[in-house]
Amino acid sequence: MALQSILPVEFLKPIIYGPDSAISDSLKLPRGFVERFGDSLPRNVLVKTMDGEEFRITFSQVDGSFSGMHRLLMKLSAKQLQFIIFKFFGGPKFEVYLLDTNHIMHATPGMHLPFKCKFIKVMYKVSSCWTPVELSEEFIAYYGKTVPQTINYQLSNGSVLDGRYDNEKGRLFGLQQFYKLYNMSWFDTIVLTYNGNNVFNVRGFGKDCMEKRPFMNSIGYFEIEVKPSHLQEYDFGVTIPVKFHGVLDDLGQCENLDIRHGESRWTVLLKKRMKRAELHSGWTLLRKELELKVGDICLFRRTGSKLKFFLDVYRSCL
(Lines give C-alpha, C1' and ligand atoms only; values in the text may rest on other atoms or scores of the structure.)
Protein backbone atom coordinates (compact mmCIF):
# COMPACT_ATOMS: atom_id res chain seq x y z
CA MET A 1 0.00 0.00 0.00
CA ALA A 2 1.39 3.44 -0.91
CA LEU A 3 2.35 5.59 2.04
CA GLN A 4 0.16 8.44 0.80
CA SER A 5 -2.92 6.20 0.97
CA ILE A 6 -2.62 5.72 4.74
CA LEU A 7 -1.67 9.27 5.75
CA PRO A 8 -2.20 11.20 7.91
CA VAL A 9 -1.55 8.88 10.86
CA GLU A 10 -2.34 9.90 14.44
CA PHE A 11 -0.96 8.66 17.75
CA LEU A 12 -1.25 9.70 21.39
CA LYS A 13 1.34 10.22 24.09
CA PRO A 14 0.42 10.69 27.76
CA ILE A 15 2.48 13.26 29.65
CA ILE A 16 4.18 11.55 32.58
CA TYR A 17 6.90 13.49 34.36
CA GLY A 18 9.69 12.03 36.44
CA PRO A 19 10.01 12.11 40.23
CA ASP A 20 11.42 15.64 40.17
CA SER A 21 8.40 16.85 38.13
CA ALA A 22 10.75 18.38 35.57
CA ILE A 23 9.59 18.74 31.97
CA SER A 24 11.48 16.18 29.90
CA ASP A 25 13.47 17.08 26.81
CA SER A 26 12.73 13.73 25.14
CA LEU A 27 9.62 11.77 24.26
CA LYS A 28 9.49 8.08 23.40
CA LEU A 29 7.27 7.40 20.37
CA PRO A 30 4.85 4.43 20.26
CA ARG A 31 6.52 1.24 19.07
CA GLY A 32 3.83 0.72 16.43
CA PHE A 33 4.59 4.10 14.85
CA VAL A 34 8.36 3.56 14.89
CA GLU A 35 8.03 0.12 13.33
CA ARG A 36 5.92 1.50 10.47
CA PHE A 37 7.66 4.81 9.77
CA GLY A 38 10.96 4.92 11.69
CA ASP A 39 13.13 3.86 8.75
CA SER A 40 11.78 6.63 6.51
CA LEU A 41 11.49 9.39 9.11
CA PRO A 42 14.24 12.04 8.73
CA ARG A 43 16.46 12.99 11.65
CA ASN A 44 15.05 16.52 11.77
CA VAL A 45 11.29 16.90 11.81
CA LEU A 46 8.94 19.89 12.01
CA VAL A 47 6.14 19.88 14.58
CA LYS A 48 3.47 22.58 14.17
CA THR A 49 1.16 23.67 16.97
CA MET A 50 -2.46 24.67 16.43
CA ASP A 51 -1.54 28.38 16.29
CA GLY A 52 0.88 27.72 13.41
CA GLU A 53 4.22 27.91 15.26
CA GLU A 54 6.76 25.31 14.13
CA PHE A 55 9.35 23.54 16.26
CA ARG A 56 12.39 21.65 14.98
CA ILE A 57 12.65 18.31 16.78
CA THR A 58 15.27 15.57 16.46
CA PHE A 59 14.23 11.98 15.83
CA SER A 60 16.50 9.12 16.89
CA GLN A 61 16.18 5.80 15.06
CA VAL A 62 18.27 4.17 17.79
CA ASP A 63 15.61 4.36 20.51
CA GLY A 64 12.61 5.73 18.53
CA SER A 65 12.35 9.00 20.43
CA PHE A 66 12.00 12.75 19.86
CA SER A 67 14.56 14.97 21.58
CA GLY A 68 14.61 18.75 21.89
CA MET A 69 11.01 18.66 23.17
CA HIS A 70 11.39 21.00 26.15
CA ARG A 71 10.51 24.24 24.34
CA LEU A 72 7.49 22.62 22.62
CA LEU A 73 6.17 21.19 25.88
CA MET A 74 6.60 24.58 27.56
CA LYS A 75 4.69 26.17 24.68
CA LEU A 76 1.86 23.67 25.12
CA SER A 77 1.89 24.15 28.91
CA ALA A 78 1.77 20.37 29.14
CA LYS A 79 0.77 19.04 32.56
CA GLN A 80 0.97 15.63 34.18
CA LEU A 81 -1.46 13.06 32.70
CA GLN A 82 -2.53 15.22 29.81
CA PHE A 83 -2.30 13.77 26.29
CA ILE A 84 -0.48 15.01 23.22
CA ILE A 85 -1.97 13.91 19.91
CA PHE A 86 0.45 13.86 16.98
CA LYS A 87 -0.73 13.89 13.38
CA PHE A 88 1.91 12.67 10.90
CA PHE A 89 1.62 13.86 7.28
CA GLY A 90 4.68 12.14 5.86
CA GLY A 91 8.25 13.36 5.42
CA PRO A 92 9.23 15.65 8.31
CA LYS A 93 5.75 17.13 8.94
CA PHE A 94 3.72 16.73 12.13
CA GLU A 95 0.92 18.65 13.79
CA VAL A 96 0.35 18.48 17.51
CA TYR A 97 -2.55 19.15 19.89
CA LEU A 98 -2.73 19.00 23.67
CA LEU A 99 -5.77 17.22 25.09
CA ASP A 100 -7.01 17.11 28.67
CA THR A 101 -9.53 14.63 30.07
CA ASN A 102 -11.19 17.44 32.05
CA HIS A 103 -11.28 20.16 29.40
CA ILE A 104 -12.06 20.68 25.73
CA MET A 105 -9.61 22.10 23.20
CA HIS A 106 -11.07 24.84 21.02
CA ALA A 107 -9.99 27.96 19.18
CA THR A 108 -9.14 31.13 21.09
CA PRO A 109 -9.47 34.68 19.69
CA GLY A 110 -7.24 35.13 16.65
CA MET A 111 -6.85 31.39 16.10
CA HIS A 112 -8.58 29.40 13.35
CA LEU A 113 -9.26 25.68 13.66
CA PRO A 114 -11.07 23.41 11.16
CA PHE A 115 -13.38 22.22 13.97
CA LYS A 116 -15.29 23.59 16.93
CA CYS A 117 -13.55 21.60 19.64
CA LYS A 118 -11.72 18.36 20.42
CA PHE A 119 -11.72 16.31 23.63
CA ILE A 120 -10.61 12.94 24.95
CA LYS A 121 -12.19 10.23 27.08
CA VAL A 122 -10.35 7.33 28.72
CA MET A 123 -12.46 4.18 28.94
CA TYR A 124 -12.25 3.01 32.55
CA LYS A 125 -15.06 0.43 32.36
CA VAL A 126 -15.34 -3.10 30.98
CA SER A 127 -17.18 -3.51 27.69
CA SER A 128 -20.42 -4.76 29.26
CA CYS A 129 -20.70 -1.54 31.28
CA TRP A 130 -20.24 1.05 28.51
CA THR A 131 -22.29 4.06 29.48
CA PRO A 132 -23.21 7.20 27.54
CA VAL A 133 -20.38 9.72 27.15
CA GLU A 134 -20.65 12.36 29.85
CA LEU A 135 -19.77 15.76 28.39
CA SER A 136 -17.84 18.29 30.44
CA GLU A 137 -19.46 21.39 31.88
CA GLU A 138 -17.14 23.38 29.63
CA PHE A 139 -18.49 21.70 26.47
CA ILE A 140 -22.08 22.18 27.63
CA ALA A 141 -21.46 25.86 28.38
CA TYR A 142 -19.94 26.54 24.94
CA TYR A 143 -21.93 24.22 22.66
CA GLY A 144 -24.67 22.50 24.64
CA LYS A 145 -27.46 24.71 23.33
CA THR A 146 -26.44 24.35 19.67
CA VAL A 147 -26.09 20.54 19.46
CA PRO A 148 -29.34 19.01 18.13
CA GLN A 149 -30.90 15.96 19.71
CA THR A 150 -30.23 13.80 16.63
CA ILE A 151 -26.51 13.57 15.83
CA ASN A 152 -24.11 11.60 13.61
CA TYR A 153 -20.77 9.98 14.43
CA GLN A 154 -18.24 9.82 11.58
CA LEU A 155 -15.72 6.99 12.00
CA SER A 156 -12.22 6.62 10.56
CA ASN A 157 -13.36 3.90 8.10
CA GLY A 158 -15.97 6.22 6.57
CA SER A 159 -18.95 4.77 8.44
CA VAL A 160 -21.61 7.09 9.83
CA LEU A 161 -23.54 6.07 12.94
CA ASP A 162 -26.77 7.58 14.24
CA GLY A 163 -26.63 8.95 17.76
CA ARG A 164 -28.55 11.03 20.23
CA TYR A 165 -27.65 14.01 22.41
CA ASP A 166 -29.34 14.37 25.79
CA ASN A 167 -29.36 18.13 26.25
CA GLU A 168 -30.78 17.90 29.77
CA LYS A 169 -27.90 15.85 31.20
CA GLY A 170 -25.24 16.60 28.59
CA ARG A 171 -24.65 13.03 27.40
CA LEU A 172 -23.95 11.36 24.05
CA PHE A 173 -25.72 8.10 23.19
CA GLY A 174 -25.28 5.64 20.33
CA LEU A 175 -21.57 4.77 20.37
CA GLN A 176 -22.31 1.10 21.01
CA GLN A 177 -21.54 0.10 17.40
CA PHE A 178 -18.28 2.06 17.49
CA TYR A 179 -17.13 0.22 20.63
CA LYS A 180 -17.90 -3.09 18.96
CA LEU A 181 -16.43 -2.27 15.54
CA TYR A 182 -13.15 -1.04 17.02
CA ASN A 183 -13.02 -3.64 19.81
CA MET A 184 -12.66 -0.97 22.51
CA SER A 185 -11.66 -2.18 25.97
CA TRP A 186 -10.22 -1.06 29.32
CA PHE A 187 -8.00 2.02 29.20
CA ASP A 188 -8.43 2.54 25.48
CA THR A 189 -9.14 6.18 24.65
CA ILE A 190 -11.64 7.96 22.45
CA VAL A 191 -10.93 11.30 20.80
CA LEU A 192 -14.08 13.16 19.75
CA THR A 193 -14.01 16.17 17.46
CA TYR A 194 -17.12 18.33 17.29
CA ASN A 195 -17.42 19.87 13.84
CA GLY A 196 -20.52 21.91 14.53
CA ASN A 197 -24.17 21.28 13.76
CA ASN A 198 -24.83 17.57 14.38
CA VAL A 199 -21.49 15.92 13.48
CA PHE A 200 -18.88 14.36 15.79
CA ASN A 201 -15.75 12.64 14.42
CA VAL A 202 -14.77 9.67 16.59
CA ARG A 203 -11.35 8.00 16.78
CA GLY A 204 -10.31 5.12 18.99
CA PHE A 205 -6.78 4.63 20.36
CA GLY A 206 -5.46 1.47 21.96
CA LYS A 207 -3.27 1.04 25.02
CA ASP A 208 -0.31 1.16 22.62
CA CYS A 209 -1.31 4.80 21.88
CA MET A 210 -1.89 4.01 18.18
CA GLU A 211 -5.18 4.64 16.38
CA LYS A 212 -7.26 1.47 16.27
CA ARG A 213 -8.50 -0.10 13.05
CA PRO A 214 -11.97 -1.59 12.59
CA PHE A 215 -12.33 -5.17 13.79
CA MET A 216 -13.81 -6.64 10.60
CA ASN A 217 -12.63 -10.27 10.49
CA SER A 218 -15.88 -12.28 10.43
CA ILE A 219 -13.85 -15.53 10.54
CA GLY A 220 -12.79 -14.85 14.13
CA TYR A 221 -16.04 -13.86 15.79
CA PHE A 222 -19.81 -14.02 15.72
CA GLU A 223 -22.38 -11.74 17.25
CA ILE A 224 -25.95 -11.92 18.47
CA GLU A 225 -28.34 -9.03 19.05
CA VAL A 226 -30.56 -9.87 22.01
CA LYS A 227 -34.24 -10.19 21.09
CA PRO A 228 -37.32 -10.72 23.34
CA SER A 229 -37.36 -14.46 22.51
CA HIS A 230 -33.81 -14.79 23.88
CA LEU A 231 -35.00 -13.73 27.35
CA GLN A 232 -37.65 -16.39 27.87
CA GLU A 233 -37.32 -18.83 30.77
CA TYR A 234 -37.50 -21.88 28.49
CA ASP A 235 -34.45 -22.41 26.31
CA PHE A 236 -35.72 -22.36 22.71
CA GLY A 237 -32.27 -21.73 21.29
CA VAL A 238 -30.57 -18.50 20.25
CA THR A 239 -29.98 -18.39 16.50
CA ILE A 240 -26.56 -17.28 15.23
CA PRO A 241 -26.95 -15.18 12.05
CA VAL A 242 -26.03 -17.01 8.83
CA LYS A 243 -23.32 -14.47 7.90
CA PHE A 244 -21.25 -15.70 10.89
CA HIS A 245 -21.50 -19.43 10.16
CA GLY A 246 -17.98 -19.44 8.72
CA VAL A 247 -16.55 -19.21 12.24
CA LEU A 248 -18.35 -22.47 13.08
CA ASP A 249 -17.23 -24.57 10.09
CA ASP A 250 -14.65 -26.53 12.06
CA LEU A 251 -17.08 -27.37 14.89
CA GLY A 252 -19.18 -30.50 15.20
CA GLN A 253 -22.98 -30.81 15.28
CA CYS A 254 -23.03 -30.51 19.11
CA GLU A 255 -20.21 -28.77 20.92
CA ASN A 256 -19.80 -27.27 24.40
CA LEU A 257 -18.34 -23.79 24.05
CA ASP A 258 -16.16 -22.37 26.84
CA ILE A 259 -17.22 -18.70 27.08
CA ARG A 260 -15.48 -16.15 29.28
CA HIS A 261 -16.28 -12.58 30.21
CA GLY A 262 -13.95 -10.93 32.73
CA GLU A 263 -13.73 -13.31 35.67
CA SER A 264 -16.98 -15.08 34.72
CA ARG A 265 -17.15 -18.29 32.74
CA TRP A 266 -19.95 -20.42 31.24
CA THR A 267 -20.34 -23.62 29.24
CA VAL A 268 -22.91 -23.11 26.47
CA LEU A 269 -24.11 -25.84 24.11
CA LEU A 270 -23.86 -25.12 20.38
CA LYS A 271 -26.14 -27.12 18.05
CA LYS A 272 -25.79 -27.15 14.26
CA ARG A 273 -28.54 -28.57 12.06
CA MET A 274 -29.37 -28.04 8.40
CA LYS A 275 -28.53 -24.36 7.79
CA ARG A 276 -29.06 -23.26 11.38
CA ALA A 277 -26.70 -22.79 14.30
CA GLU A 278 -28.05 -22.12 17.79
CA LEU A 279 -26.91 -21.65 21.37
CA HIS A 280 -28.87 -23.79 23.85
CA SER A 281 -28.23 -24.95 27.43
CA GLY A 282 -26.03 -22.53 29.32
CA TRP A 283 -27.36 -19.47 27.51
CA THR A 284 -30.09 -18.78 30.09
CA LEU A 285 -27.60 -18.71 32.97
CA LEU A 286 -25.24 -16.49 30.96
CA ARG A 287 -27.87 -13.91 30.02
CA LYS A 288 -29.27 -13.79 33.59
CA GLU A 289 -25.88 -13.26 35.21
CA LEU A 290 -25.03 -10.54 32.69
CA GLU A 291 -28.53 -9.03 32.99
CA LEU A 292 -28.90 -8.83 29.22
CA LYS A 293 -31.69 -6.73 27.77
CA VAL A 294 -33.29 -6.41 24.34
CA GLY A 295 -30.98 -4.61 21.93
CA ASP A 296 -27.74 -5.56 23.68
CA ILE A 297 -25.12 -7.02 21.33
CA CYS A 298 -23.04 -10.05 22.36
CA LEU A 299 -19.75 -10.37 20.50
CA PHE A 300 -18.08 -13.80 20.81
CA ARG A 301 -14.36 -13.75 19.85
CA ARG A 302 -12.28 -16.87 19.31
CA THR A 303 -9.20 -17.12 21.52
CA GLY A 304 -7.17 -19.51 19.38
CA SER A 305 -8.76 -22.73 20.64
CA LYS A 306 -11.77 -23.70 18.53
CA LEU A 307 -14.08 -24.11 21.55
CA LYS A 308 -12.97 -21.08 23.60
CA PHE A 309 -14.52 -17.64 23.14
CA PHE A 310 -14.20 -14.30 24.87
CA LEU A 311 -17.51 -12.45 25.21
CA ASP A 312 -17.91 -8.68 24.93
CA VAL A 313 -21.33 -7.17 25.67
CA TYR A 314 -22.32 -3.82 24.19
CA ARG A 315 -25.31 -2.35 25.95
CA SER A 316 -28.14 -0.80 23.99
CA CYS A 317 -28.25 2.93 24.65
CA LEU A 318 -30.99 4.07 22.28
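The values are calculated or read from the model by the stated rules, or taken from the named source; none is laboratory data. Quick caveat, the model's predicted, so the values are computed rather than measured. Here Cβ is always computed from backbone atoms with ideal geometry, including for glycine, and neighbour counts include all displayed protein chains.
With surrounded by 19 or more Cβ atoms within 10 Å (Cβ to Cβ) and closer than 30 Å to Ile15 by Cβ as the only criterion, which of Arg287, Arg203 stands out?
From the options Arg287, Arg203, the qualifying one is Arg203.
Can Glu211 be described as modelled with pLDDT of 90 or more, outside the structural domain of Cys117 (by TED's automatic domain parsing) and farther than 27 Å from Lys308 by Cα?
yes
Only one residue in Thr150, Thr131, Thr189 is among the β-branched types (Val, Ile, Thr), exposed (fewer than 15 other Cβ atoms within 10 Å of the Cβ) and in contact with a strand residue (DSSP E or B) (Cβ under 8 Å, 6 or more places away or on another chain), so which one is that?
Just one listed residue meets the conditions, Thr150.
Have a look at Gln154, Gln149 and point out the one that is touching a residue at least 24 places away in the same chain (Cβ under 8 Å), more than 22 Å from Leu311 (Cβ to Cβ) and not assigned by TED's automatic domain parsing to the domain that holds Arg301.
Going through Gln154, Gln149 in turn, just one is touching a residue at least 24 places away in the same chain (Cβ under 8 Å), more than 22 Å from Leu311 (Cβ to Cβ) and not assigned by TED's automatic domain parsing to the domain that holds Arg301: Gln154.
Are any of the residues in region 286-293 of a type outside the set (Lys, Arg) and out of contact with any strand residue (DSSP E or B) (no Cβ under 9 Å at 6 or more places or on another chain)?
Within region 286-293 (the criterion being of a type outside the set (Lys, Arg) and out of contact with any strand residue (DSSP E or B) (no Cβ under 9 Å at 6 or more places or on another chain)), the answer is yes, since at least one residue qualifies.
Looking at (1) surrounded by fewer than 16 Cβ atoms within 10 Å (Cβ to Cβ); (2) at negative phi; (3) without any contact (Cβ under 8 Å) to a residue 40 or more places away in the chain, can you tell me which one Gln80 breaks?
Checking Gln80 against (1) surrounded by fewer than 16 Cβ atoms within 10 Å (Cβ to Cβ); (2) at negative phi; (3) without any contact (Cβ under 8 Å) to a residue 40 or more places away in the chain, the one that fails is (3).
Being modelled with pLDDT under 95 and among the β-branched types (Val, Ile, Thr) is the filter; apply it to region 44-84 and report the residue that is nearest to the chain's Cα centre (by Cα).
Result: Ile84.
Residue by residue, here is whether (1) modelled with pLDDT of 90 or more; (2) among the small types (Gly, Ala, Ser); (3) within 30 Å of His280 (Cβ to Cβ) holds:
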site: Val191; (1), (2), (3): yes, no, no
site: Asn198; (1), (2), (3): yes, no, no
site: Phe215; (1), (2), (3): no, no, yes
site: Gly220; (1), (2), (3): no, yes, yes
site: Val238; (1), (2), (3): yes, no, yes
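Leu12: in the same structural domain as Phe94 (by TED's automatic domain parsing) and either at pLDDT 90 or above or over 27 Å from the mean Cα position of the chain (by Cα) (or both), yes or no?
yes
For (1) outside the structural domain of Cys254 (by TED's automatic domain parsing); (2) surrounded by fewer than 13 Cβ atoms within 10 Å (Cβ to Cβ); (3) in contact with a helix residue (DSSP H, G or I) (Cβ under 7 Å, 6 or more places away or on another chain), each residue gets a yes or a no:
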{"position": "Val268", "(1), (2), (3)": "no, no, yes"}
{"position": "Met274", "(1), (2), (3)": "no, yes, no"}
{"position": "Ala277", "(1), (2), (3)": "no, no, yes"}
{"position": "Val294", "(1), (2), (3)": "no, yes, yes"}
{"position": "Ile297", "(1), (2), (3)": "no, no, yes"}
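Which strands (runs of 3 or more DSSP E) sit wholly inside region 181-288 and have at least 1 residues that are farther than 30 Å from Gly158 by Cα and without any contact (Cβ under 8 Å) to a residue 24 or more places away in the chain?
Those strands (runs of 3 or more DSSP E) span 254-261, 264-273.
What number of residues within region 183-236 are within 23 Å of Tyr124 (Cβ to Cβ) and among the polar types (S, T, N, Q)?
Adding up the residues that qualify gives 5.
Given the conditions (1) surrounded by 19 or more Cβ atoms within 10 Å (Cβ to Cβ); (2) farther than 30 Å from Leu99 by Cα; (3) modelled with pLDDT of 95 or more, report the number of the one that Tyr165 does not fulfil.
(2)
Among the numbered criteria (1) under 24 Å from Gly204 (Cα atoms); (2) in a loop (DSSP other than H, G, I, E, B); (3) over 22 Å from the mean Cα position of the chain (by Cα), which one does Leu41 miss?
Result: Leu41 passes all but (1).
Here is a check on your reading of the model: is Lys28 out of contact with any Pro (no Cβ under 6 Å at 6 or more places or on another chain), in contact (Cβ under 8 Å) with a residue 24 or more places away in the chain and not polar (S, T, N, Q)?
Criteria met by Lys28.
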